[in-house]
1. In the range 4-51, what trypsin sites (Lys or Arg not before Pro) fall in a loop by DSSP, with at most 14 other Cβ atoms inside 10 Å?
2. What list of ³J(HN,Hα) couplings, whole Hz, do you get for the range 16-32 from phi and the Karplus terms 6.51, -1.76, 1.60, once you set θ to phi - 60° and write x for glycine and proline?
3. When DSSP assigns beta bridges and you keep just the ones with both residues in the chain, what percent turn out antiparallel, to the nearest 5?
4. Nearest 20 debye, what's the magnitude of the dipole of the range 8-326 about its Cα centre given +1 on Lys and Arg Cβ and -1 on Asp and Glu Cβ?
5. Taking the simple approach of a point 7 Å from Cα along Cα-to-Cβ for both Lys30 and Asn98, what is their distance in nm?
6. For the range 8-326, what does the alpha-carbon gyration tensor say about shape, rounded, prolate or oblate, given a ≥ b ≥ c as the root eigenvalues, a/c under 1.5 as rounded, and a/b over b/c as prolate?
7. Of Asn214, Val153, Ala279, which is farthest towards the positive pole of the range 8-326's charge dipole, taken about the Cα centre with +1 and -1 on the beta-carbons of Lys, Arg and Asp, Glu respectively?
8. Using a/c under 1.5 as the rounded threshold, could you call the range 192-328 rounded, prolate or oblate? The axes a ≥ b ≥ c are square roots of the C-alpha gyration tensor eigenvalues, and prolate needs a/b larger than b/c, oblate otherwise.
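No value in this document is a laboratory result; all are computed from the given coordinates. Computed from a prediction, not measured in an experiment: that's the story for all the values here. Every residue, glycine as well, gets a Cβ built from its backbone with ideal geometry; the counts of neighbours run over all protein chains shown.
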Amino acid sequence: MGGTGPSKIEKDFEQCGEELPERYLGFENKDNICYANSVLQALYFCQDFRKYLINQKIASRDTVMSQLQELYITMITSKRKTGVMSTKNVMSKCKVLNELFDNDDHHDSHEFLIWLINRLDEELKAQGSQSWVQQLFEGKFTTQTKCLCCQNVTHRDEVFMDLSLDVKQNCSILSSLKRYSEIETLSGADKFYCETCACKQEAQTRTLIKDPPNILICHLKRFKYSDELRRYTKLSYRVAFPSQLRLNNTVDNCPEKLYELFACIVHLGPGFQYGHYMAIVKSHGHWIRFDDDYVEKVDEALIQHIFGSSKEIGSVPCGYILFYRATF
Ligand SMILES: [Zn+2]
């Protein structure tokens, strides 16, 4: 968008008689990096993430954190309100540190997101800083297992950075969360070792959220390996996700949080090796679509069009990673 005329996003705002509330900058896509570009946009529009990163004191320039901070600072201080930036420096660092991404192949944006978050968390801890990454994204769940012989219940806590949810045709985030926490019976080869009985017993187990994160990332498991095709295919199932969400799979005394959707990574195409990603984010009450270097304002109604389709397999645009923030 090196031209002199107004960009698409500027025209969009002009049409509704409004000024651009902040800078909306696209990212170049030179080496199939839409999987990363969409993640970097979603995180940029996570207000707390952006704020903490920009204000973070950096001990070493040789980190992903340093490169990402530089990118975001260039973005917030850009003279132009629209245009295209390059994520090359961030990506070069990521590629050096993780050979999985060190090629021009298509990748799974979820894999990249989780790797990036963990990497930033490690870099903060390595320089002795408090990890705001952990503070933003980390939640805790607890697995309760009841021995069906002695009725003794054991609890095991585990932390998570995101929730990976199974999808079904015509389901919703809420039903997927419920299914995530359904009671399972451990029997046969899966019997549970009960400390009280001192032997393997049948047991019932369920996993509930104990500590909901400030930023909740829900990953829809849309890629499924097909033995027949010998590659991952995409489940295009319709999965509805509300703009506001209350978790329905928490322990009884869990602090209640109301979540609001602020970003969604959308996948287009038949599978992650043969597809495309874009990010749709909420900014100052508007929904903005970032498709690499193409940026436009979209109607809120578009969100319903990315729930998926009535066909199992297909290449329609589908919500893939959802970002919710706790509003209190
Ligand atoms: Zn027992």
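1. Numbers: sites: Lys8, Lys11, Arg23, Lys30, Arg50, Lys51; in loops: Arg23, Lys30.
Those that pass, being in a loop and sparsely packed, are Lys30.
2. Ordered by residue, 3J(HN,Hα) equals 9, x, 10, 7, 5, x, 7, 6, 10, 10, x, 10, 4, 10, 9, 10, 6 Hz.
3. Details: 60 of 71 bridges.
Of those bridges, close to 85 percent are antiparallel.
4. Working: 40 positive and 43 negative charges, 52 e Å.
Using Cβ point charges on Lys, Arg, Asp and Glu, the range 8-326 gives about 240 debye.
5. A separation of 2.1 nm, rounded to one decimal place.
6. Values: a/c = 1.80, a/b = 1.54, b/c = 1.17.
It is prolate, given that a/c is not under 1.5 and a/b is the larger ratio.
7. Going by the Cα projections, it comes out as Val153.
8. Values: a/c = 2.97, a/b = 1.36, b/c = 2.18.
The shape class here is oblate.
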